[in-house]
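In what follows, a structure is listed as structure tokens, so that the remarks can point back to it.
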Amino acid sequence: MRRSRLSVAVAAAALVLCAGAPAVACQGLVAVCEQASADGASLIVGGRPARVLTDPGDWPGVIRAAHDLQADLGRVSGGGAPAEDGPVVLVGTAGRNAVIDRLIAEGRLPAPTGWDGFVQAVVERPMDGVARALVIAGADKRGTIYGAYDISERAGVSPWAWWADVPVAVRRDLSLTPGRRADAPAVRYRGVFLNDEEPALGDWVRQTFGGFNHAFYEKVFELILRLKGNVLWPAMWGKAFYDDDPLNAVMADEYGVVIGTSHHEPLARAHVEWERYGEGTWDWRTNREVLSRFWRDGVRRRGTTESLVTIGMRGDGDEAMSEDTAIPLLEDIVRSQRRIIEAVTGRPAAETPQVWALYKEVQDYYDQGMRVPDDVTLLFADDNWGNIRRLPAPGDRAGGSGVYYHFDYVGGPRNYKWLNTTQNERTWEQMRLAWQAGADRLWVVNVGDLKPMEVPIDFFLDQAWDPQGMTVERMAGWSRDWARAQFGEAQADEIAELIDLYTRYNSRRKPELIGPDTFSLVNHGEADRIEAEWAELAARADRVRASLPAEYDDAFVQLVWFPIQASGNVTALHIETGRNRLYAAQGRWQAAQAAAEAVRARFARDVELEAIYHGLKGGKWDHMMSQTHISYDDWQQPERDVLPELATARAERGARLGVAVEGRAEAVAAGAGARLPELSPYSAARWIEVFDRGDRPADFRIEAGAPWLRLSRTEGRAGETTRIAVSADWAAVPAGRHEVPVTVTGPDGAVVVTAVVTRPAEPPAAGRFVESDGAVAVEAVDYTRAIGGPGVDWQAAPGLGRTGSAVTTASSDAVGLTPGGDGPRLEYDIHLTEAGEAEVQLWLSPTLDFRGRDGLRYAVSIDDGPAQVVTLDLLAAGAGENADWDRAVSDNLARTVSRHRVATPGPHTVKVWLVDSGLVFQRLVVATKPLPDSYMGPPNSARAD
């Protein structure tokens with residue numbers, strides 16, 4: 001599945017590589033095919049796999065990977081055994097395999113090059129008795145391992161075969177096209193951080209493996225390598241990788257996985273080890289000798305295993321070290337740590353890979369001028385919510401720089417640990433910024449329990465292997481490639497859309513942050529629409545599940561079906577809780593009771609879904625979905641999921657009619673009045689609801705004050721709730737603005753609801769977005785014109801954002817452009833119904849000022865009016881977390897505002913000028929009056945015909 005970067009020296013032409021399952025029509029060099037290829041090599045012939053040969057003197061990790069490849073080909077073949085006279089695959093590392101070295105010396109095999117690079121080639125007569133073979137050669141240990149696992153994956157064995165129970169499709173014959181291809185990673189270190197791993201991963205590991213020992217970690221090591229990663233930050237909540245099982249580090253080195261420790265665990269010591277072995281306080285100023293000894297033991301225990309050594313120091317318990325930014329103190333700590341490294345290793349400190357993690361307050365040290373030696377890798381961090389805080393300035397460093405990213409987090413404004421809530425599109429956009437800034441030494445991502453983050457992990461490591469090759473087109477098609485690799489061709493399109501939509505819906509607001517009042521129950525039909533979206537997605541997932549062969553069911557449930565069902569169910573639970581409370585306040589006693597029952601059913605369904613997951617594969621994944629997620633009332637996770645508090649309402653005596661209208665939470669009392677949101681040819685119909693407030697049925701009549709105002713019902717019995725749609729016969733509506741009374745009469749009196757109806761005298765020009773009910777709302781990607789400039793190309797980011805696709809720039813180089821003239825801009829042609837003040841809102845991804853200046857800027861003008869510069873600065877330098885940032889990351893959206901005077905109604909053009917690149921525009925909203933409360937905002941405006 002992973003896309004490969006091709007060495008120009010080996011293959012000058014761009015190749016089409018098979019992804020996951022073998023291709024039907026093979027193209028490219030060394031492509032895996034079901035049909036035989038002239039001058040190619042065979043992997044499986046008549047159900048018998050090729051023999052995989054390697055040198056017993058090669059690295060143990062290479063020998064293991066060769067054995068895995070042999071086993072994988074056996075699985076693909078249906079369990080066949082290799083024939084002694086059958087095809088051969090030769091696997092070896094340059095410098096440790098005599099046959100490989102001879103072929104290179106003879107010029108018949110290109111020498112593999114690059115860090116972790118490999119070559120795959122179909123070679124004639126590579127050794128005595130072998131007419132033709134696939135030769136896999138690595139420049140180093142991991143290069144060879146990657147080359148072997150790459151063939152496994154392209155033959156049809158998913159990296160998730162064990163971790164997500166993805167089955168292997170049997171092929172009786174499998175071949176390779178001739179030629180040679182080479183690959184190597186662009187980012188040197190690429191990996192994952194197991195973190196926040198209690199209770200789910202922790203309980204599962206203890207039940208399955210007896211603890212976080214080498215038996216567990218070997219499964220993790222193999223997964224990382226199959227995904228072409230090479231780094232692990234091990235689990236650290238009460239765990240110590242080196243201390244819990246001495247074989248952990250031994251096996252990591254044997255497999256070829258580089259071990260690092262997290263941002264607050266210096267010199268290969270786990271945080272919990274200070275509790276186990278430390279003496280005194282975790283304070284360099286007062287306990288220097290004890291800390292030095294503690295760290296020295298960590299470096300000594302690490303030995304010669306390949307690892308990344310974290311330097312620096314944070315406070316005890318993942319906190320700030322001090323209230324102020326004590327640069328001299330931290331500089332002294334770093335100098336001392338490097339002296340410890342030199343004393344223990346007997347080599348200059350620069351020969352030991354080191355990382356300084358600029359996480360949270362540690363970045364303040366960097367921003368205020370602290371520097372570390374040039375050989376140390378600077379690890380910049382996101383804000384824990386997927387928004388990179390800072391990236392390196394141009395310039396070369398021997399140690400380079402990288403990024404620490406998050407798919408999981410424990411902390412404010414609220415933990416998010418349960419399910420995947422990260423769009424691949426956002427990861428792509430942020431890590432593309434990192435790549436463009438030169439952060440190419442280390443990419444590591446916090447993945448929580450590992451499951452259920454399979455999709456974003458795979459994407460992150462795929463992009464890390466080849467950031468340049470992860471083009472917008474490749475990103476847009478990635479989900480389909482991935483779905484095909486796991487589940488085959490037939491349902492790949494549908495499964496890809498299911499994955500993309502559920503991650504989009506979850507990214508709008510993480511499940512832990514959703515509450516009864518998140519989505520409006522009275523404006524824009526918002527809650528109904530959100531609930532319907534999830535219901536439709538769940539039904540689609542059900543249909544796909546029913547259509548897949550039985551052997552795919554466990555994998556599909558884990559990777560697609562469960563996250564959709566569980567996320568949609570919890571969203572509906574909160575919406576129903578909101579309905580229960582709203583209806584009780586309105587006196588809708590029957591509807592409140594029905595909503596309460598729905599909440600209880602949703603809560604029971606949540607428990608049922610967890611049990612379904614835990615029962616998969618005979619209980620293999622028991623505990624893995626035990627993370628609490630419903631009953632948050634603070635940033636920290638609740639101890640257990642608890643049914644939300646529900647409201648009750650009592651029926652009044654007799655027949656009593658209740659009335660509620662769109663846009664208003666309070667019921668309308670008899671003898672009182674209410675107004676509906678504006679109705680126009682460019683808006684949806686409006687609604688009035690009637691319901692029984694009493695213990696006896698209430699009949700109603702409803703009458704419109706104009707013959708052209710249409711009512712879906714004019715009389716009846718209210719019952720639990722009856723909704724009446726209010727629309728218009730637009731051919732008969734006079735031009736202008738009208739206020740039409742709609743009288744609702746019940747047994748206890750009448751309510752007059754005013755319908756505000758507007759029909760333009762002149763139709764707006766075709767193609768313009770038309771104002772309705774005081775707003776024009778447009779997806780950013782639906783611009784009328786996109787004007788670029790020198791070095792500035794506008795680029796759509798398909799699928800990124802809440803509702804549509806976003807717009808950004810192809811590069812992040814532009815800074816401080818002057819708006820106006822022929823400058824780069826997006827233009828939106830709109831039609832406003834009134835003159836006056838207009839508020840222009842730009843809805844953006846919550847990007848931080850990764851350049852470390854004074855925020856990211858754009859400008860807005862209407863027509864030829866003056867351009868107003870708007871600055872997005874969610875985290876001012878040194879300010880730390882604040883209310884604006886809290887709101888933006890909770891909403892996964894930043895709303896910015898400028899105000900403009902519009903002299904006349906009618907056609908206008910909104911111009912969004914680029915000042916600084918790096919911003920991601922999702923939506924434009926032009927408001928001519930205060931907008932009603934809603935999470936998703938006004939619906940998209942209609943375009944005039």
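So which strands (runs of 3 or more DSSP E) stay within the stretch 612-688 end to end and still have 2 or more residues that are surrounded by fewer than 19 Cβ atoms within 10 Å (Cβ to Cβ)?
Numbers: elements: 652-655, 657-661, 673-675.
Counting at least 2 such residues, we get 652-655, 673-675.
Can you tell me which residue among VAL170, VAL122 is touching a Lys or Arg at 6+ places or on another chain (Cβ under 7 Å) and among the hydrophobic types (A, V, I, L, M, F, W, C)? Steps first, answer last, please.
Values: VAL170 fails: touching a Lys or Arg at 6+ places or on another chain (Cβ under 7 Å).
Sole residue among the options that is touching a Lys or Arg at 6+ places or on another chain (Cβ under 7 Å) and among the hydrophobic types (A, V, I, L, M, F, W, C): VAL122.
For the stretch 748-802, how many residues meet the condition of being under 30 Å from LEU498 (Cβ atoms) and either of a type in the set (Val, Ile, Thr) or assigned to a loop (DSSP other than H, G, I, E, B) (or both)? Explain how you work it out, then say what you get.
Initial filter on the stretch 748-802 (under 30 Å from LEU498 (Cβ atoms)): 777-783, 794-802.
Applying the additional criterion that residues be either of a type in the set (Val, Ile, Thr) or assigned to a loop (DSSP other than H, G, I, E, B) (or both) yields 778, 781, 783, 798-802.
Total satisfying the criteria: 8.
When the residues of the stretch 195-217 are filtered to those that are in a helix (DSSP H, G or I) and of a type outside the set (A, V, I, L, M, F, W, C), which remaining residue is surrounded by the most Cβ atoms within 10 Å (Cβ to Cβ)? First the steps, then the outcome.
Start the filter on the stretch 195-217 by keeping residues that are in a helix (DSSP H, G or I), which leaves 200-209, 214-217.
After this cut, where a residue has to be of a type outside the set (A, V, I, L, M, F, W, C) as well, the list is 202-203, 206-208, 214, 217.
On the way: GLY202: 21, ASP203: 15, ARG206: 13, GLN207: 12, THR208: 17, HIS214: 20, TYR217: 27.
Among those that are in a helix (DSSP H, G or I) and of a type outside the set (A, V, I, L, M, F, W, C), it is TYR217.
Does ARG899 satisfy the criteria of being in a strand (DSSP E or B) and over 27 Å from the mean Cα position of the chain (by Cα)?
On the way: in a strand (DSSP E or B): yes; over 27 Å from the mean Cα position of the chain (by Cα): yes.
In short, yes.
Take the residues in the stretch 281-305 that are of a type outside the set (Ser, Thr, Tyr) and more than 23 Å from LYS239 (Cβ to Cβ); name whichever of them is farthest from the chain's Cα centre (by Cα). Break it down into steps so the answer makes sense when it comes.
First, the residues of the stretch 281-305 that are of a type outside the set (Ser, Thr, Tyr): 282-285, 287-291, 293-303.
Then keep just the ones that are more than 23 Å from LYS239 (Cβ to Cβ); that gives 283-285, 287-289.
Details: ASP283: 37, TRP284: 38, ARG285: 41, ASN287: 42, ARG288: 42, GLU289: 44 Å.
Per the stated criteria, the residue is GLU289.
Go through ARG693, ARG686, ARG675 for me and flag whichever is closer than 17 Å to ALA584 by Cα and modelled with pLDDT of 95 or more.
Working: ARG686 fails: closer than 17 Å to ALA584 by Cα; ARG675 fails: closer than 17 Å to ALA584 by Cα.
That would be ARG693, the only listed residue that is closer than 17 Å to ALA584 by Cα and modelled with pLDDT of 95 or more.
Tally the residues that are within 36 Å of the chain's Cα centre (by Cα) and either crowded, with 24+ Cβ neighbours inside 10 Å or part of a strand (DSSP E or B) (or both), restricting the search to the stretch 122-148.
Restricting attention to the stretch 122-148, the residues satisfying the condition of being within 36 Å of the chain's Cα centre (by Cα) are 136-148.
The next check asks that each one be either crowded, with 24+ Cβ neighbours inside 10 Å or part of a strand (DSSP E or B) (or both); those that pass are 136-138, 142-148.
Final tally of qualifying residues: 10.
Does SER727 qualify as being assigned to a strand (DSSP E or B), in the same structural domain as VAL751 (by TED's automatic domain parsing) and closer than 30 Å to GLU762 by Cβ? Please lay out each step first, then the result.
Numbers: assigned to a strand (DSSP E or B): yes; in the same structural domain as VAL751 (by TED's automatic domain parsing): yes; closer than 30 Å to GLU762 by Cβ: yes.
When the stated conditions are applied, SER727 passes them.
How many residues, within the stretch 368-383, are in contact (Cβ under 8 Å) with a residue 40 or more places away in the chain and either closer than 19 Å to LEU848 by Cβ or part of a strand (DSSP E or B) (or both)? Break it down into steps so the answer makes sense when it comes.
Taking the stretch 368-383 as the starting set, the residues that turn out to be in contact (Cβ under 8 Å) with a residue 40 or more places away in the chain are 368-370, 372, 376-377, 379-383.
Going one step further and asking which of them are either closer than 19 Å to LEU848 by Cβ or part of a strand (DSSP E or B) (or both), we end up with 368, 377, 379-383.
Total satisfying the criteria: 7.
Being assigned to a helix (DSSP H, G or I) and either at pLDDT 95 or above or not assigned by TED's automatic domain parsing to the domain that holds ASP458 (or both), is that true of even one residue in the stretch 90-98?
yes
On the given criteria, is ASP933 over 30 Å from PHE519 (Cβ atoms), of a type outside the set (Lys, Arg), more than 26 Å from the chain's Cα centre (by Cα) and not in a strand (DSSP E or B)?
So ASP933 does not fit the description; no.
Given (1) among the aliphatic types (A, V, I, L, M); (2) in the same structural domain as ALA698 (by TED's automatic domain parsing); (3) in contact (Cβ under 8 Å) with a residue 40 or more places away in the chain, identify the lone condition not met by LEU800.
That leaves (2) as the condition not met.
Which is closer than 26 Å to LEU616 by Cβ and touching a residue at least 40 places away in the same chain (Cβ under 8 Å), of GLU254, GLU198, GLU218, GLU265? If you could, list the steps in order and put the result at the bottom.
Numbers: GLU254 fails: closer than 26 Å to LEU616 by Cβ; GLU218 fails: touching a residue at least 40 places away in the same chain (Cβ under 8 Å); GLU265 fails: closer than 26 Å to LEU616 by Cβ.
Among GLU254, GLU198, GLU218, GLU265, only GLU198 is closer than 26 Å to LEU616 by Cβ and touching a residue at least 40 places away in the same chain (Cβ under 8 Å).
If you check every pair at least six apart or on different chains, which have Cβ atoms under 8 Å apart with a residue in the stretch 328-352 that is acidic (Asp, Glu) first and a residue that is buried (at least 16 other Cβ atoms within 10 Å of the Cβ) second?
GLU331/MET370; ASP332/TRP284; GLU342/ALA349; GLU351/THR345
Kindly check whether there is at least one residue in the stretch 301-317 that is at pLDDT 95 or above, part of a helix (DSSP H, G or I) and outside the structural domain of ASP116 (by TED's automatic domain parsing).
yes
Can you go through ALA434, ALA485 and tell me which one is touching a strand residue (DSSP E or B) at 6+ places or on another chain (Cβ under 8 Å) and within 19 Å of GLY229 (Cα to Cα)? Before you say what the answer is, go through the steps one by one.
On the way: ALA485 fails: touching a strand residue (DSSP E or B) at 6+ places or on another chain (Cβ under 8 Å).
Answer to the selection: ALA434.
Does ALA235 satisfy the criteria of being within 30 Å of the chain's Cα centre (by Cα), within 26 Å of SER158 (Cβ to Cβ) and assigned to a loop (DSSP other than H, G, I, E, B)? Let's see the steps before the verdict.
Numbers: within 30 Å of the chain's Cα centre (by Cα): yes; within 26 Å of SER158 (Cβ to Cβ): yes; assigned to a loop (DSSP other than H, G, I, E, B): yes.
The answer is yes for ALA235.
Given the residues VAL220, VAL192, VAL187, which is the only one that is assigned to a loop (DSSP other than H, G, I, E, B) and either small (Gly, Ala, Ser) or on the phi < 0 side of the Ramachandran plot (or both)?
Working: VAL220 fails: assigned to a loop (DSSP other than H, G, I, E, B); VAL192 fails: assigned to a loop (DSSP other than H, G, I, E, B).
The unique qualifying residue is VAL187.
The values are calculated or read from the model by the stated rules, or taken from the named source; none is laboratory data. Computed from a predicted structure; not experimentally measured. Don't worry about glycine lacking a Cβ; one is built from the backbone with ideal geometry, like all the others, and counts go over all protein chains shown.
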